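The values are calculated or read from the model by the stated rules, or taken from the named source; none is laboratory data. Keep in mind that what you see is a predicted model, and the values were worked out from it rather than measured. For neighbour counting, all protein chains shown are included, and Cβ atoms are generated from backbone atoms with ideal geometry for every residue, glycine included.
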Ligand SMILES: Nc1ncnc2c1ncn2[C@@H]1O[C@H](COP(=O)(O)OP(=O)(O)O)[C@@H](O)[C@H]1O
Ligand SMILES: [Mg+2]
């Protein structure tokens, strides 16, 4: 088959979203005036996102707060109409909301529930069964399997409001996966959860992906989620894609520092002036230098110190992402 005719699980071509709202002037009079005036304000939330995700990939979708991740996921799942550009999910245009497409996708938002607060999750599952027209036996098997995998037990019979945040999230995941979607959009599924629940959900997602080969697009602020689950990441910032590739490549591209780790053959009295001192022990010296300085710094240290071995290390990916996230404005 020719490369160009492939049907991607998820594809976005120059996808854009501008939120339009009427500008409100401060004070009560401003509120009244805004009813009449045509003053509008515009937020370019997504300014041209490009994505090509193969079926079966598990992709980390990263970026600082306000980068446009949630907006993109909403457009991809057909909740929001794009301002321009094109989106395709399994060959369908999400905004058309074809039944055929809706049966094959799912969107889970860590900070928004679809199940009812006052009812046990079980009741919600029954409603979804009717909605998706899932066969009784198949449905029962799938439900049992999901409840088992997430170790929910009889929690599904307890009112949602009485469950812990982690238990509620697990119920949400069951609800979202009951119909066996081929493409799953997960927006911060582990946000605010305790580490044990985070780990369980991570393991569950890993297993789900392995068993079912579904395509997963995941956003998370927890690097452990991304490091353990995703082969490839896509980073957006200020509404545009700025990177796609592996985490290692991301670290190499965005970290502007390197660490030089020198094994010393004999102890040295004081740290050298080269770079920023990270640590110095009897036999190991670690200094940090900017990427551009790396070669010169290494040469100068090698010639001035009793060096037995030299290693050049990238900044930890965790640190790179932290810098990347912190660079964005913290709007949510
Ligand atoms: N309903 C909305 N109306 C106006 N602006 C919005 C709306 N939703 C989000 N935004 C703005 O769009 C930008 C992108 O938001 P969002 O997609 O939620 O980013 P992320 O999920 O990456 O944090 C932000 O500047 C945000 O304030
Ligand atoms: Mg978001």
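Among the residues of segment 154-174, are any under 17 Å from the mean Cα position of the chain (by Cα) and in contact (Cβ under 8 Å) with a residue 12 or more places away in the chain?
Yes - at least one qualifying residue is present in segment 154-174.
Residue by residue, here is whether (1) more than 28 Å from residue 14 (Cβ to Cβ); (2) within 16 Å of ligand 2 (Cβ to nearest atom); (3) at pLDDT 95 or above holds:
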position	(1), (2), (3)
73	no, yes, yes
96	no, no, yes
122	yes, no, no
138	yes, no, no
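Among the strands (runs of 3 or more DSSP E) confined to segment 250-332, the ones with at least 3 residues that are crowded, with 16+ Cβ neighbours inside 10 Å are located at 257-264, 284-290.
If you take just the strands (runs of 3 or more DSSP E) that sit entirely in segment 58-150, which of them hold at least 3 residues that are away from ligand 1 (no atom under 16 Å from the Cβ)?
On the way: elements: 58-62, 84-89, 105-109.
Per the criteria, 84-89.
Filtering segment 47-69 to residues that are buried (at least 23 other Cβ atoms within 10 Å of the Cβ) and within 12 Å of ligand 2 (Cβ to nearest atom) leaves 61, 62, 63, 67, 68, 69. Taking each residue of segment 186-203 that is closer than 20 Å to residue 148 by Cα and looking for partners that are exposed (fewer than 15 other Cβ atoms within 10 Å of the Cβ) with beta-carbon atoms closer than 7 Å, six or more apart or interchain, yields 193/165; 200/151; 202/228. Applying the criterion of being within 16 Å of ligand 1 (Cβ to nearest atom) and surrounded by fewer than 19 Cβ atoms within 10 Å (Cβ to Cβ) to the residues of segment 189-213, the residue that is farthest from residue 11 (Cα to Cα) is 192.
Once segment 155-188 is narrowed to residues that are in contact with a helix residue (DSSP H, G or I) (Cβ under 6 Å, 6 or more places away or on another chain) and within 16 Å of ligand 1 (Cβ to nearest atom), the residue that is farthest from residue 111 (Cα to Cα) is 185.
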